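Contents: one structure, followed by commentary.
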Amino acid sequence: MSDLVIRAVGASEYENWLRAVSTGFLSPPVVSADQLERSRRTDAEASARRTGAFDGDRCVATLCSFRQELTAVGGAFVPANAVSGVTVSPTHRRRGLLTQMLRRDLAGAKERGDVVATLIAAEYPIYGRYGFGPAAWSVKWTVEALRAGLDRRWAGPEDGARIDLADGAEVRTLGPALHERFRAGRPGAVSRIPVWWDTTTGVLRSGPDWTEPYHAVYRSASGEVEGLVSYRTAEHDWPGNQPGDTLSVNWMLATTPAAERALWHFLCSIDWVARVTSDRRAPDDLLPQFLPDPRAARITEHTDWLWLRILDVVRALEARTYEAAGSVVLEVADPEGLTGGRFRLEASADGSASCTVTSASADLALGVGELSSVWLGGESLRRLAVLGRVREEREGAARKADALFRSPGLPWCPDLF
């Protein structure tokens, strides 16, 4: 360890740092001009902080964090510290590099006033040790379009709305405002910076095998943009064979059920398309129920996705809304010493709440990771109590607390970061 130095990464060291990231994720250790430009843009647009562990001149461990907003239950945008690019090279494992970098980063986030930290975990067992918990899950669907029961001759909505193909420039113009409306109504959604739109539309290429996607926009009868979808199709074998193409959705945004229904009908009605695979959707996604035969849609992946780490219990619990009036006293254990203690949550009938430090007897005892899993409404305190991860100090407290923390819909984060 005496030869290893953990420090901030300078602009001239981006390539060295990015090569270490690629090595850690088993990607080719080659850095493109687009990757370097994305790094520079991300640093400027999201106040990114890059940390590296250096063995001499070589970067052997990496971590990046950047400014983000996370939507809480009720629609409030909460300042978050998004953690990404966490790797340790195979030559330097088991030396405590990840622990040192992550602890330093979380302490800095706490000092800046971030309420939570977020990440997408490549491996499940790692981040619970640092107070993170899985808080939003994702599902991928495969739709057998030929047996879905939809009208294959469908040419568009009949209520005055319309669907039009769009190019990347239109997506970059229409997408940010649509996404702002979308994330305001979806707990678990996160903010996007301009470089996200440039990457998804090919201004900056995400890799050497990048191909131009199709885009379609849904406008309501009043002309309001309420949906966007980006998709690609697989190579097809024709003529002389039965068409059987697979269409893959890269991402879909919709702010109304009508827009979402119409976009799925559009995708399933394209000539030659026999199968549609979805992007990462919410576990309670409406997709199957948009189909006359819901069994034509089957789940092909269900996984934990967004991980959350509360950095300030009081601000986190006061930022969201609640489904019922009531109170609960929580004894929160924090292994990193950032925000543990005993807190009284008082929720009002209008959904607002206050949270204060208290010396009153606790109703529930839990770790900050468990509280983080529950905060967005995607996990149940009673379920965690059954699993032995939450302890009831007062009988029936988990069930009563669940009535407070319940969310009208499951949290969803469609983004990878």
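In this rough spin-label picture, where each label sits 7 Å from Cα along the Cβ direction, the A122-R152 distance is 4.3 nm. A 1.4 Å probe run over the protein chains yields, for region 53-159, 44 Å² of accessible area per residue, whole-number rounding.
Taking the alpha carbon gyration tensor of region 259-326, multiplying each eigenvalue by 5 and rooting it gives semi-axes of 36, 15, 11 Å, largest first. Largest first, the extents of the alpha carbon coordinates of region 251-375 on the three principal axes equal 66, 33, 22 Å. Across the protein chains, with a 1.4 Å probe defining accessible surface, the residues K110, K400 rank K400, K110 from largest area downward. Evaluated at q = 0.16, 0.18 Å⁻¹, the base-10 log of the normalised Debye intensity for region 50-116, with identical point scatterers placed on the Cα atoms, takes the values -0.59, -0.69.
Projected onto their three principal axes, the Cα atoms of region 1-92 cover extents of 48, 31, 24 Å, largest first.
Rounded to the nearest 10 square angstrom, E392 shows an accessible area of 80 square angstrom against a 1.4 Å probe.
Accessible area ranking (1.4 Å probe, heavy atoms, ligands and nucleic acids excluded), largest first, for F343, F77: F77, F343. Across region 409-417, rounded Karplus estimates of 3J(HN,Hα) from the backbone phi angles (6.51 cos²θ - 1.76 cosθ + 1.60, θ = phi - 60°) give x, 5, x, 8, 10, x, 9, 10, 9 Hz, Gly and Pro being marked x.
On a full-extension model of 0.36 nm per residue, what is the gain between L165 and R406, subtracting their alpha-carbon distance, rounded to one decimal in nm?
Fully extending the segment from L165 to R406 adds 82.9 nm.
Each residue of region 69-80 was assigned a 3J(HN,Hα) from its phi angle through the Karplus expression (A = 6.51, B = -1.76, C = 1.60, θ = phi - 60°), giving 10, 10, 7, 8, 4, x, x, 5, 8, 9, x, 10 Hz with x at Gly and Pro. Taking the protein heavy atoms of region 1-42 in the context of the full set of protein chains, the accessible area attributed to carbon and sulfur is 55 percent at 1.4 Å. Direction-averaged projected area, Cα convex hull, region 83-143: 5.9 nm², rounded to one decimal. Extension gain for S327-S354 works out to 8.8 nm (0.36 nm per residue, less the C-alpha to C-alpha distance). Measuring how big region 64-172 is from its alpha-carbon positions, Rg and Dmax come out at 21.6, 63 Å.
For region 98-202, GluC sites (Glu not before Pro) meeting the loop criterion (DSSP other than H, G, I, E, B) and having at most 12 other Cβ atoms within 10 Å: E123, E158.
Highest average first, the peptides 183-189, 173-179 ordered by how many other beta carbon atoms sit within 10 Å of their residues are 183-189, 173-179.
Whole-Hz Karplus values for region 57-68 come out as 8, 9, 7, 10, 7, 9, 7, 10, 9, 8, 5, 8 Hz, taken residue by residue from phi with 6.51 cos²θ - 1.76 cosθ + 1.60 and θ = phi - 60°; glycine and proline positions read x. Of E393, E226, the residue with the largest accessible area leads and the full order is E393, E226 (1.4 Å probe).
Accessible surface of S327, taken over heavy atoms with a 1.4 Å probe and every protein chain present, rounds to 60 Å². Scaling the Cα radius of gyration of region 319-393 by the globular reference 2.2 N^0.38 Å produces a ratio of 1.06.
Solvent-accessible area per residue in region 302-348 equals 35 Å², computed with a 1.4 angstrom probe and all protein chains kept.
With the cut-off at 16 Å, report for region 169-221 the share of all Cα pairs above it, as a whole percent.
Of all Cα-Cα distances in region 169-221, 50 percent exceed 16 Å.
Residues whose amide H falls under 5 Å from that of V116, counting only those 5 or more places apart or on a different chain, are N81, L311, with hydrogens built in the peptide plane.
Between amide H atoms placed 1.01 Å from N, distances below 5 Å from A161 occur with A221, all of them 5 or more places distant or on a separate chain. Close amide-amide hydrogen proximity is noted between F417 and I120, each under 5 Å apart and 5 or more residues distant or on a separate chain (H modeled in the peptide plane; Pro and chain starts excluded). For the chain, the relative contact order comes to 19 percent (Cα pairs under 8 Å, sequence separation of at least 6). Computed over the chain, the range of Cα coordinates on each principal axis works out to 72, 58, 36 Å, biggest value leading.
Helices in the chain, meaning DSSP H runs of at least 4 residues, each add -39500 (n - 2.57). Divided by all residues, the mean residue ellipticity at 222 nm is -7500 deg cm²/dmol.
The values are calculated or read from the model by the stated rules, or taken from the named source; none is laboratory data. What you see is a predicted model, and the numbers here were worked out from it, not measured in a lab. Cβ atoms come from the backbone with ideal geometry, glycine included; neighbour counts cover every protein chain shown. In case anyone asks, the SASA skips ligands and DNA or RNA and just uses the protein heavy atoms, side chains included. Shrake-Rupley method; radii C 1.70, N 1.55, O 1.52, S 1.80 Å.
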